[in-house]
Structure formats: C-alpha cells, structure tokens
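A short worksheet on the structure shown next.
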Ligand SMILES: Nc1ncnc2c1ncn2[C@@H]1O[C@H](COP(=O)(O)OP(=O)(O)OP(=O)(O)O)[C@@H](O)[C@H]1O
Ligand SMILES: [Mg+2]
C-alpha cells in the first residue's frame, strides 16, 4: 500500500498529468491533490486546501518560464507546511536555481523531465530518513571555514568546530574541500575514500553510499575526506549542489574546511552556508586578504551578513581598531581564538585534536564558538527539555 501522500503543483496541464502518473507509478506514493495554480501569498486558499490533505510530500514543477513564481510558491508552502517534505522537478543546468530552491526549503531537487525511477529513489530516501529515530525532516546547517590567507588556521578551526558541534548536538559531518586535505591528518583517520569518490558517484549517491564514503571519528563525527594529491577536481556547480542536497538531508550540521581554496566550488558552498567564517590574523596582510576573499565569495549572490571574521592566534595589538576593521571588510568580528602554539601543534602532530585533550583555553574558545553558532537550536532544546520535566 502506498505510504506517502503527495500534493502536486504544476501550472502546465500536461506536466501535471504526467507527474501524477509518475508518482502513482512508484507504488510507494499516491497523488492526493493536484493543483494547477501556485500560491501567491500565505493566505492563498490553495494552501488551506493542501493542508487539509496533510500531504507527506509537496512536489512542485519548475517550468522554465515560471521560475520566480515556482520558487515563491515553494517558499510559501514550506513556511505554511513545515513538516511536509518539499520536492521540486526542475532543470539541472542552472546551479543558481538549484541553490535558491534548496535555500527555499527544498529537500529533493529532481531533474526535469523526470522518471518514475527518479521519483521512487527520492521517496525511498525520504522514508528511510523518517524511519531513523531522531532524524527530523528539517535540513542541516552548513558552516564554511575559509582562510583570509594561507596558513591562518582554517583547518584547525574547522576540525575542532566540527568536534565541538558533534559533542553538543551529534549528527555532524566535516567535509574537506581544501586543495590538499589535512582534516584526516588532524583527526588521525585513514580514509579509504575521498570527496572526489562522492562527486564521481553522484548519479547513484544516496544515504548509504555517502555513508560508505565517509570515515567515522571517535564520538561519531563523520568526515568526507579531502584530496590526498594536490590535483584540482573540477566538479560542476550542480554536482556540488547535489552532494550538499544529500548531506543536509542526513546531518544536522555540516562544517566545510575550504581552507585556502578560492574557486567556484567554494563560492557555491558559501552560497549554501548559514555562516561563512573567515579565519584571519589581526595583521594588515591577513585582514586585507579577508576583505578580498569576502568580496570574491560574495559576488555570486547571497547575503553579505553571513560572513563573519574569526580572529585566530588572537592577542591584543596596540593600534588595532576592531570597528574600523569590521567596517573595511564589511563583516563583524564574531570570535577571537587565543594563540596557543604548543597546544595546537602537538594536537596536529599527535593526531589528538584540541577538543579531546582536556580543557585548554583554545578548546573552551572553540566550544564557545559552536555554542554561539547554534544558540537558537540550543534554546529550542532547553525549552523542550524543561517542558518535558514539568509534565
Ligand atoms: N590558535 C592557534 N595558536 C597557535 N598556533 C596555531 C593556531 N591555529 C593554528 N595554528 C598553527 O598554524 C598552522 C597552520 O594551521 P592549519 O593547518 O589549521 O592552517 P590552515 O589555514 O588550514 O592552512 P592551509 O592554508 O595550508 O590550509 C599550524 O601549524 C598550527 O600549529
Ligand atoms: Mg588547511
């Protein structure tokens, strides 16, 4: 018996009929309502009508001549039916559209024209995630760490931030995007596969295949390791969009170590990120770099407010004016990480990360950063816990 109820939205009559046949053809889902109009506002009657069917999935067709209205509809439907999984069928040739759809709350972006097999795979992924206890349908948050200048400490921040998030919230992944990946070394892991294996197998990438490409650190952090030879892999922007689409469906938090990689891949990942942490030192060359990097990464759209400075190896320097720096770079100083060369270098040398070395000032600082970045989620958890206690 079909277990998923699907609401279809397509303005084109033929496409709507085709989608209905394809959905019903999967035999794990059935169309419960089929709408020729897209909602224009939150109080649109079509939203109330859809809510009455309590669908598990909303499937929106993105026609090439109606991209803006389809995206607006996705946003509204996601906002008004937050527990329903949003799927769209759209062109794969426009990375920016895929990103916008994901940011609007889309869980599965399926190539148009689609097939019963594509839909079936997407439905199966959804039911598999739902069956796993503790995994909600909400999408994970991506934090990307980028260096203002080579060697500023991007990997140190990314690795330890990921560990801190894992210990606070679990369900955290670290993706090593650097041209030559050092994350595995910092974590003393020996990965069999790397990011490029995931990218070259995108056509069949599902939760279990992705899981087999990742390597697990103690306490559960999952690493998708980086390149081990300094070859530049050139996946297309839509490849990365697909990879991240799968990742955000599986993990609550994803930390990306871009280190000193400044190319279209980093730019795309930054576009998908909740925050972009620019790791800099409090010196002129590093801060100049931070400004240039933020400008480059922000060029392809997305709000500049997501950029923030993390001052690594921080110590008070006479004449350093934080307000002027923030104004010049156009990003606030979010965090200051102390300079502790001995602790950091022995952590890397021994492969025992700072977060697992007892309390040091720097480990406390990075835990604080993880708490700060997820303060709203922590607040939600506390509220849930206190409600639970009063019952
Ligand atoms: N807070 C800190 N205090 C002292 N030393 C630090 C700190 N953070 C990083 N370092 C030192 O800086 C060096 C570079 O660190 P890391 O590998 O994290 O940099 P990176 O920015 O990722 O480099 P790359 O540009 O090669 O990717 C390391 O040898 C480490 O010992
Ligand atoms: Mg690095």
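Bear in mind these aren't lab numbers, they're just calculated from the coordinates by the rules spelled out. The model shown is predicted, which means the values in this text are computed figures rather than measured ones. Positions of Cβ are generated from backbone atoms using ideal geometry, with glycine treated the same way; all protein chains shown enter the neighbour counts.
Cα gyration tensor of segment 4-131, axes a ≥ b ≥ c as square roots of the eigenvalues: rounded (a/c below 1.5), prolate (a/b > b/c) or oblate? The shape class here is rounded. Once the chain from residue 356 to residue 170 is taken as fully extended at 0.36 nm per residue, the excess over their C-alpha distance is 65.4 nm. Take the Cα of residue 72, step 7 Å toward its Cβ, do the same at residue 349, and the gap between the two points is 6.2 nm. Computed over the Cα atoms of segment 141-385, the ratio of the radius of gyration to the Kirkwood radius (Rg/Rh) comes to 0.95. Each peptide in 64-70, 170-176 receives the mean, over its residues, of other Cβ atoms within 10 Å, and ordering these scores from highest gives 170-176, 64-70. With each label modelled as a point 7 angstrom along the Cα→C-beta vector, the residue 121-residue 228 pair spans 2.7 nm.
For segment 1-154, the relative contact order is 20 percent, taking Cα pairs closer than 8 Å that sit 6 or more residues apart in sequence and dividing their mean separation by the residue count. In this structure, residue 65 and residue 193 have a Cβ-Cβ separation that, at R0 = 30 Å, corresponds to a calculated FRET efficiency of about 0.15. Once the Cβ-Cβ distance of residue 79 and residue 283 is raised to the sixth power relative to R0 = 41 Å, the FRET efficiency obtained is 0.40. Got a sec? Which residues in segment 71-93 would a label at residue 42 touch, if it sits 7 Å along Cα→Cβ and we count backbone N under 16 Å? Residues 72-83 qualify, since their backbone N sits under 16 Å from the label point. With each run of n ≥ 4 DSSP H residues scored as -39500 (n - 2.57), what mean residue ellipticity at 222 nm is computed for the chain after dividing by its residue count and rounding to the nearest 500 deg cm²/dmol? Roughly -14000 deg cm²/dmol at 222 nm, from the helical runs in the chain.
Tell me the label-point distance for the pair residue 200, residue 299, using the 7 Å Cα-to-Cβ offset, in nm and rounded to one decimal. The answer from the label model is 3.0 nm.
Highest average first, the peptides 251-259, 279-287 ordered by how many other beta carbon atoms sit within 10 Å of their residues are 251-259, 279-287.
Per-peptide packing, taken as the mean over residues of other Cβ atoms within 10 Å, places 183-194, 44-55, 151-162, 215-226 in the sequence 151-162, 215-226, 183-194, 44-55 from highest down.
Between residue 364 and residue 342, full extension at 0.36 nm per residue minus the direct alpha carbon distance yields a gain of 6.3 nm. Extension gain for residue 27-residue 103 works out to 24.4 nm (0.36 nm per residue, less the C-alpha to C-alpha distance).
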